[in-house]
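What follows is a short report on a single structure.
A short reminder: the numbers here are calculations on the coordinates, not readings from a lab. Because the structure is a prediction, the values reported are computed rather than measured. Positions of Cβ are backbone-derived with ideal geometry, glycine not excepted, and every protein chain shown enters the neighbour counts.
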Amino acid sequence: MKDLFTQIVSYLPEDRVAFVRQAYEYAAKCHEGQLRLSGEPYIIHPVETASYLADLQLDAATLAAALLHDVMEDCGVSFQEIDEKFGADVARLVDGVTKLNKLDLVKADDANGENGTGWQGEDSDHAASLRKLLVAMAQDLRVVLIKLADRLHNMRTLQAHTPERRRAIAQETLDIYAPLAHRLGMWDMKWRLEDMSFHHLEPVKYKMISRLLAQRRDERERYIGNVRDVLSQALKKAGLRAQVTGRAKHIYSVYQKMQAYAAQGKDFDDIHDLFALRVKVKDKNECYVALGVIHDLWDPLPGQVDDYVAKPKENGYQSLHTAVMGPEGMPLEVQIRTEEMHQVAEYGIAAHWRYKEGKSQDNPFEQQMTWLRRLLEWQRDVSGAEEFLENVKTDILPDQVFVYTPKGDIKELPAGSTPIDFAYHVHTDLGHRCIGAKVNSKLVPLDYQLRNGDTVEILASKVARGPSLDWLNPNAGYVHSATARVRIRAWFRRQERGANIQRGRDLLTRELRRLSVNPSEEELAKLFRIDTVDDFLAALGSGVVTVNQLAARLTQRPETRVIPEEYKPPATGPSSGVEVLGAGDLLTSLARCCSPLPGDTIIGFITRTRGITIHRKDCRNIANEDEPARLIRVDWGATKSLHPVRISIEAWDRVGLLRDITAVVSGEKTNIASMVTRENDDGTATVQLTVFTTGVAQLSRLFTKLEEVQGVVNVMRAATTAAGQGSKGSGLAELADRS
């Protein structure tokens, strides 16, 4: 409490300090005798929440609401009582935070972790909760600032929860609150939430990176100390009074860098941007002078200069970024900014709050809030909470790309957007009539990903034609932004219902055939919580339900049939990545008779000498097993592994067919284990591939790409059964090993 009031006395007048003190005394009285799970007095939590907001120098009403944010929910205090004692502004803020707490994204009854997927689109209640969170933010940003500070302290005391609950809360924090802090420009909040979430989600990797950073700390500190001194002297000679500091890279960002480098065959020792400097100068002009000094001192790396001073990021972030080849041949990152830019970079939109308070116009602040207003507009356009959630994930939380119209107007789109996204952003009718695009005066495919500075020209049909349903297939990559998806789906919803139902039935038949499963239409409608089969098929046909979602839901149920096929995938390959429930690490291997993939429902069979063999639950050998005591529950572990699967491709025979097929498979980063081709009498060819895949989701994406190859007629998964399938356990080493 003393630390809190020491903070606020430095910037609030005496009467407002007294107002905050009154709120503290009232909160302490309400929470008297209450303890947190950690055993601490409960009042510590609202005080810590308010302390972080005091660091941001927020107004007295926000601090009072932070101190009182749990009294409605935990102490039974009414809205009217808070209104009478502290005014309508504080009462509204407390009520807003209370409503968000009641609809917390990770359910209170989910502590056992059974709903482990959390908020990620699978639970409409979670989607509705996120919708409420973001709409509350659009109405009064301070509600979400309090919620972020509340989450920050909760993450610091997460150890009091069960491991399952900790992981669920940490995953939600990493998926929602950290990106939200980034979108608000609150870098300090973002990296704290990311590091604490990473600590609970991947404790082994967290400790490993911490240890690696500690091993190189002396080297980094020596190097940074030397280059800091050299740069400080150079800036002083140029007449600049600059503050030069070393900038640490936080653990989660190092992990992300390691993941990216691993895909390129590099390791931790190849990460050179652990060396970074930050230069703070007096004003904007000095930023550019300092940049010139740095480039005179060290050679700049090509293409590594970013000017966010002249062109700030949408969340208000401003700095000059450059990368140079520093002493000893080490790449060195440098950020250059003013003190005001630094405050905005660390604390984002919250740093603007005191400037906005009491002023009728604040253009920079208002410009940064335009994306929030889009939330309220989407309320009218989207059909449900899950669609709203999908829109937020693509258009609100990610980074942006800026492109030009042929007339030179700037358009802002989510990073990864395509010409189709651009067309719908300009006008809905232009998107519906889009048949091609030119970028920088060159024809490009419609799935081309736009880059900053591109000039985009849409080639439109002169007659109304409507969008293609393929544009909604996420595996095809035609559409990335929520704006485009909402408008495409609205177009299909307006079309004849009967046509949508038939289109949905065709899509369903194709996907079931590809994945070798045959659930009933009624069962699938229930999986999507849709009342009738026709409504489900219409949703699939109109694009409200995508084939990607269909493939994901299909993996949640047991498969009900197996297509006989003589081929047996190879037994060798990467580890199974299977977890034996209720036991420690045991030797497991995948059965060659049914070739299970992550997403399939599986069961383990205990062999005499080779550990546990993993089968699909509907495998005929398992169904005929006469020793049920040797069957054991298993599940797919968290480790990503590769698994062999057989694919059958039918295509018109032509020169270059195999080259095009293998190029697609390689492009999806999928390894081919074997390939068999057969020419047919009708001019077609059958290509049978064995590929190593990470699971059904990657397999569905590969099917979509293969179907786009010229001449390909059909692509499907060929399930396997044991040779001699009519007799129980005939010849299979996995089931015959009984001696």
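Using the Cβ of GLU286 as centre and a radius below 12 Å, the other residues enclosed give a net charge of +3, where K and R count +1 and D and E count -1. Beyond a 30 Å Cα-Cα separation, which of these cross-linked pairs lie in this structure: LYS147/LYS411; LYS313/LYS438; LYS282/LYS311; LYS237/LYS284; LYS205/LYS617? As for pairs spanning more than 30 Å Cα to Cα, those are LYS147/LYS411; LYS205/LYS617. For region 643-717, what does the alpha-carbon gyration tensor say about shape, rounded, prolate or oblate, given a ≥ b ≥ c as the root eigenvalues, a/c under 1.5 as rounded, and a/b over b/c as prolate? It comes out prolate by the Cα gyration axes. Expressed in Å, the radius of gyration and Dmax of the Cα atoms of region 399-493 are 12.0, 35. When the square roots of the Cα gyration tensor eigenvalues are ordered a ≥ b ≥ c, the ratio a/c for region 137-240 is 1.5 or more and a/b does not exceed b/c, which makes its shape oblate. The GLU627 and THR601 beta-carbon pair, evaluated with R₀ = 25 Å, returns a calculated FRET efficiency of approximately 0.75. Residue by residue, region 510-519 carries 3J(HN,Hα) couplings of 5, 5, 5, 5, 5, 8, 6, 9, 9, x Hz when phi is fed to the Karplus relation 6.51 cos²θ - 1.76 cosθ + 1.60 (θ = phi - 60°); x denotes Gly or Pro. Once the chain from ASP409 to GLU523 is taken as fully extended at 0.36 nm per residue, the excess over their C-alpha distance is 36.1 nm. I need the shape label for region 494-559. Rule: rounded when a/c is under 1.5, else prolate if a/b > b/c, else oblate, with a, b, c from the alpha carbon gyration tensor. Prolate.
Put simply, the amide H of SER481, placed in the peptide plane, has neighbours under 5 Å in THR418, leaving out anything fewer than 5 places away on its chain. Tally Lys/Arg at +1 and Asp/Glu at -1 over every other residue whose Cβ is under 10 Å from the Cβ of GLY466; what's the total? Result for the local shell: +3. Electrostatic bookkeeping for ASN440 treats Lys and Arg as +1 and Asp and Glu as -1; over the other residues with beta carbon under 13 Å from its beta carbon, the sum is +1. Between ASP307 and ARG222, take the C-beta separation as r, use R0 = 30 Å, and let me know the FRET efficiency to the nearest 0.05. The formula returns an efficiency of 0.45 here.
Among ILE146, ILE530, ILE336, the order by Cβ neighbours within 10 angstrom, fewest to most, reads ILE530, ILE336, ILE146.
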